[in-house]
Amino acid sequence: MLKQQVALITGASRGIGRAIALKFAKEGADLALLYASSDAAAEAVAQECRALGVRAEVYRCDVSNFAACKETVAKVKADFSKVDILVNNAGITRDGLIATMQEDAFDAVLDTNLKGAFHMIRHLTPLFIRAKRGAIINITSVSGLMGNAGQANYSASKAGLVGLTKSVARELAARNIRCNAIAPGFIQTEMTENLDSENALATSIPLARLGSPDDVANAAAFLASEAASYITGEVLRVDGGLAM
């Protein structure tokens with residue numbers, strides 16, 4: 001259970017972020033929900049969480065912007081007085097072949113997916129240190145473990161998250177701050193809508209199906225909980241066996 005804890009989740013207005021928010025709400029956590037664009041979608045998720053009996057507030061934030069993240073963390077601290085759990089879920093894709101990929105497409109993906117996680121960790125670490133505890137969960141991808149044709153930028157950003165996770169875990173362990181990552185495989189979200197058919201994808205997955213956002217949310221709830229209090233620096237694949 002996550003009662004009396006505050007979780008900050010980026011990319012919380014849809015897909016995996018929404019599922020994690022709802023799972024954490026069911027576990028009793030109050031929520032700071034960060035989003036990039038859709039006010040209506042973010043508020044809808046917050047309303048769903050409030051219906052489960054917890055506090056949920058929304059914050060529009062471009063996680064690729066260092067100053068914006070600092071300002072948002074300050075607002076969350078003012079509203080909740082603390083943060084116990086950080087979930088770095090915000091992510092974008094700008095797929096393309098390496099031979100034709102434009103520099104801005106590469107930079108945009110790394111700025112959001114990798115630097116965004118750094119920004120949030122950087123600004124929340126002082127709160128965790130003062131509290132002498134904290135749990136950080138970075139949402140990476142099997143693309144960062146295996147590579148994926150047409151996703152050099154995305155795979156690089158997600159591989160970078162693995163290195164960031166392990167370095168942060170080593171650096172902050174003595175402060176009782178844990179940092180782990182989840183590497184989803186093919187999950188049924190808006191981000192995977194443009195992939196090949198579900199049946200074709202399923203043939204490459206040992207468990208023979210795509211995952212759901214709830215599969216990832218369940219893993220996040222575990223890593224945030226006391227049950228995982230002796231786990232740090234881990235990359236937990238939630239991929240049906242795809243990358244083993």
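The values are calculated or read from the model by the stated rules, or taken from the named source; none is laboratory data. Everything numeric in this text was worked out from a predicted model, so none of it was measured. Don't worry about glycine lacking a Cβ; one is built from the backbone with ideal geometry, like all the others, and counts go over all protein chains shown.
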*Count of region 87-116 residues which are in a helix (DSSP H, G or I), of a type in the set (A, V, I, L, M) and either free of Cβ contacts under 8 Å to residues at least 40 places away in the same chain or more than 17 Å from Ile136 (Cβ to Cβ) (or both)*: 4
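Does region 152-167 contain any residue that is crowded, with 22+ Cβ neighbours inside 10 Å, in contact with a Phe, Trp or Tyr (Cβ under 7 Å, 6 or more places away or on another chain) and either free of Cβ contacts under 8 Å to residues at least 40 places away in the same chain or farther than 21 Å from Leu22 by Cβ (or both)? Show your work before the answer.
In the first step, residues of region 152-167 are kept if they are crowded, with 22+ Cβ neighbours inside 10 Å; the result is 153-154, 157-158, 161, 165.
With the extra rule that they be in contact with a Phe, Trp or Tyr (Cβ under 7 Å, 6 or more places away or on another chain), the set shrinks to 153.
Add one more test, that the residue is either free of Cβ contacts under 8 Å to residues at least 40 places away in the same chain or farther than 21 Å from Leu22 by Cβ (or both), and what stays is 153.
Looking through region 152-167, at least one residue is crowded, with 22+ Cβ neighbours inside 10 Å, in contact with a Phe, Trp or Tyr (Cβ under 7 Å, 6 or more places away or on another chain) and either free of Cβ contacts under 8 Å to residues at least 40 places away in the same chain or farther than 21 Å from Leu22 by Cβ (or both).
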*asked:* Could you check region 31-72 and list, in sequence order, the residues that are buried (at least 22 other Cβ atoms within 10 Å of the Cβ) and in a strand (DSSP E or B)?
replied: Leu31, Ala32, Leu33, Leu34, Tyr35, Ala56
*Return a yes/no flag: does region 172-188 have any residue that is at pLDDT 95 or above, part of a loop (DSSP other than H, G, I, E, B), more than 15 Å from the chain's Cα centre (by Cα) and surrounded by fewer than 18 Cβ atoms within 10 Å (Cβ to Cβ).*
yes
*Got at least one residue in region 79-86 being without any contact (Cβ under 8 Å) to a residue 40 or more places away in the chain and in a helix (DSSP H, G or I)?*
no
*Could you grab the pairs with beta carbons closer than 8 Å, sequence gap of 6+ or different chains, first residue in region 117-136 and farther than 20 Å from Tyr230 by Cα and without any contact (Cβ under 8 Å) to a residue 60 or more places away in the chain, second one among the hydrophobic types (A, V, I, L, M, F, W, C) and surrounded by fewer than 19 Cβ atoms within 10 Å (Cβ to Cβ)?*
His119/Phe66; Arg122/Phe66
_Looking only at region 127-164, how many residues end up being over 16 Å from the mean Cα position of the chain (by Cα) and closer than 14 Å to Asp84 by Cβ?_
7
*Unmet requirement for Gly144, which otherwise passes all of (1) farther than 23 Å from Lys75 by Cβ; (2) not in a helix (DSSP H, G or I)*: (2)
